[in-house]
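Q: Okay, here's the structure, questions in a sec.
Quick note: the coordinates plus some simple rules give every number you see, no bench work behind them. The shown structure was predicted, so the numbers you read here are calculated from the model rather than taken from an experiment. Note that each Cβ is placed from the backbone with ideal geometry, even for glycine, and that neighbours are counted across all protein chains shown.
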Amino acid sequence: MIAIYEPLYRPGQTLVEPAFKPLLITDNNRPEWREFAILVDMYRRGLHRQHRFTGLFSPKFGLKTGLSGAQFIDFVNANADAEVCFVNPFPQLAYISFNVWMQGENAHPGLVARAQALLDACGIAIRVAELPRHGPDLLCYCNFWVGTEQFWEDYVGGVLVPMAEFLEAHPEHPACRDVLKTTVHIPPSPFLPFIVERLFSSYLSLTRSPPLARGFPTDPLQFCLNDFERRLVIHNRDRIDSADQTGVFSDEVKKDMRFASEVWQDFTLAYYGDRPHPHSGGSFQSVGAGRPTPRIT
């Protein structure tokens, strides 16, 4: 009923999560695409038609969520009427950024323009700058979702596959070249996978007949990676929860969230400049990024 695949792409690599299914990647000819390439390949092979729910989870699923695969599968079984189930490994970001693109632009400057140029070139009608709020009911990073065959057809087949086809057919197009340029990350990575992971919440927030989506309940304070994140969440939580309940985010609230997102990113870059990041084990200096200069003075 539920098939969550874990990609095995290195020689000698073994399955991290025993509840998941191994997916041997023998033709990793686009490693810079990350999970995007595998999701598209799974769709083209029809793997999403073999089970009620299908997903692709990184070997870092447990590290990032603190969950076992069995726990998440139990959650999906308990929500079998849904069309898509997900777990967000960064629930604290709902109290720091208005949506995935506000956070993304601060984390990866230039991300929004690159994403929009690629979407326009592919003919996908998503206006990134006009996207609504992504609250806890929609927010999901890292592609930690499982969907029905219909969800795969609508989202992967309708959004991700056209992007992949354009990238494959027009590698020299400026939009294609730009999304493959490197952004600051541990380890260094191109913009493309960070665009793709943000399309999931974007898609859920835009569809006229939204699929029935269920998110694994998480406590944002428990997912904070440091005390600064916890302080930001505690400071913003009541105000943001109230805005989510009413559906009204004033310009002042959005401005404050943008500032919080900028401060959070500056702190993250500085704090992990010479400290190991808990999800990667590396620092920004260790990957050659050096210690960044804060933008806010």
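Q: Name the aspartates and glutamates eligible as straight-distance cross-link partners of Lys21: C-alpha to C-alpha under 18 Å, and not fewer than 8 places from it in the same chain.
A: Glu6, Glu35, Asp41, Asp74, Glu149
Q: Could you go through the range 13-24 in sequence order and give the Karplus-derived ³J(HN,Hα) for each residue, using 6.51 cos²θ - 1.76 cosθ + 1.60 with θ = phi - 60°, rounded to whole Hz, and x for Gly and Pro?
A: For the range 13-24, the Karplus-derived couplings read 5, 10, 5, 7, 9, x, 7, 9, 9, x, 10, 6 Hz, x marking Gly and Pro.
Q: How many angstrom lie between the C-alpha centres of the range 69-130 and the range 1-36?
A: Measuring centre to centre over Cα atoms gives 21 Å.
Q: So between Glu130 and Leu212, what do we pick up on full extension, going 0.36 nm a residue minus the alpha carbon distance?
A: Once the chain is fully extended between Glu130 and Leu212, it gains 27.3 nm.
Q: Let me check I've understood the local charge: for Cys176, count other residues with C-beta under 11 angstrom from its C-beta, Lys and Arg +1, Asp and Glu -1. What total comes out?
A: 0
Q: Another question about this same structure. Can you give me the P(r) profile for the range 47-149? Cα pairs, bins 5 angstrom wide beginning at 0, each as a whole percent.
A: Pairs per bin, as whole percents: 2, 11, 17, 19, 19, 16, 11, 4, 0.
Q: On alpha-carbon atoms, Rg over Rh for the range 194-255 using Kirkwood Rh?
A: 1.01
Q: Cross-link partners among lysines for Lys181, C-alpha distance below 26 Å, same-chain residues fewer than 8 apart left out?
A: Hits, sequence-local ones excluded: Lys60, Lys64.
Q: If you take the C-alpha gyration tensor of the range 169-208, multiply each eigenvalue by 5 and take the square root, what semi-axes do you get, largest first, in whole Å?
A: Semi-axes from the Cα gyration tensor: 22, 16, 6 Å.
Q: Related question: If Lys and Arg each add +1 and Asp and Glu each add -1, what is the summed charge of the other residues whose beta carbon sits under 11 Å from the beta carbon of Ala164?
A: Around Ala164, the surrounding residues sum to -1.
Q: I'd like the projected area of the range 1-102, averaged over all directions, using the convex hull of its alpha carbons. Report it in nm² with one decimal.
A: 7.8
Q: Step by step: find N for the chain, compute 2.2 N^0.38 Å, then divide the Cα radius of gyration by it. What's the final number?
A: 0.97
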